[in-house]
Amino acid sequence: MFRFSPNLMEKLENVISYTRWYVRRLIRPKKTPIQPVVWRAARAVGLPSAKFVGNLDVGERQKLDRIQKEIEKAIFQLFSRLTEYFPENINDKDWKDLLECETTKQRLEQITFLRQREKRKQLDERKKEAKKLQKLEKMEMKAAGTSSNGQKEFIDLIFSTPGLMNETPNIIVDCRFLPKLTNRALNLTANQMTFMHVENREKSQLLTVSSPSNLGPAILPDLHAYRQMYPQKKMIYLSPHVEAELEKIEDDHTYIIGGIVDRVREPHIPPDASRVAAEQDWIECRKLPIDKYVQWQSGNKFLTLTAVYNILYDCWMTQDWEYALRK
């Protein structure tokens, strides 16, 4: 198996660079510097079996040898150290598909697809486990005479099943702004929250596991409730009013969307309310990389809650910001 690990000096440089960036971010939160590149250990990849190689003709063997060297030196040695979007293993069938790819770009896209397929399979297995756990918990709650409705059950279930919350990215809506919205804005926001639930219900993979029925994003009843339920170091508050861009969607992270449909200016809410909320709660704040991938023609860059949710979902599934933002 190919395996390339960062040496001790690289690991030390990673720690120093990240620490320096983190300190600068704490000192000047409004001007967050670009997060440094962190070199990871390259993924290991399985070699084709002797039987597979034996069934190839001379030309195919030569091409396979070139592809193996390409994967070893270019793809896995470099790209897998920068990102996590590469498969944990490549079997004979996968090698056959790679052999049919004509260009390096096609092979890179095929390898990315293998990782997505691998990830979907892992998620399916986790969902099955989650359903088993939830079924067991419901039986225990029923045996204990616990009511099957009400907000208390929602909170209790989240605290009693923390493992389920780390299987997929969590999206939560910060509702601290709702009391300050006008009736029109409040109705728009409520509709968007409903649409988010509907969108999530129709997805092949649910983005969050945070409510008894697994229907979608958590709508938190309390101002600081999310800080009690999710690891603060793995929270990211989304706001267009910061310089730092969101780089990727990670399974064990929580992404917070301000509960504001800001199509028009709300008199009792500052324009940069989401950034202010993040700073008040000491949560890392990032913006979607719209400017990097989309050439905005005219008008303001208004995104509904549903649009933000779909962008996050599509990027998580495809690991492709350009696709997610242009879709």
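What follows is calculated from the coordinates using simple rules that are stated; it is not laboratory data. Just so it is clear, the model here is predicted, and its values are computed rather than measured.
Given H placed on each backbone N at 1.01 Å, which residues far from TYR237 in sequence or on other chains put an amide H within less than 5 Å of it?
ILE256, GLU284, CYS285, ARG286
So what are the ³J(HN,Hα) numbers for region 101-110, from phi and the Karplus equation (6.51, -1.76, 1.60; θ = phi - 60°), rounded to whole Hz, Gly and Pro as x?
Going residue by residue, I get 6, 8, 10, 4, 4, 5, 5, 5, 5, 5 Hz, with x marking Gly and Pro.
Taking H as built 1.01 Å from N, whose amide H comes closer than 5 Å to the amide H of ILE171, not counting residues under 5 places away?
Residues meeting the amide H criterion: ALA218, TYR255.
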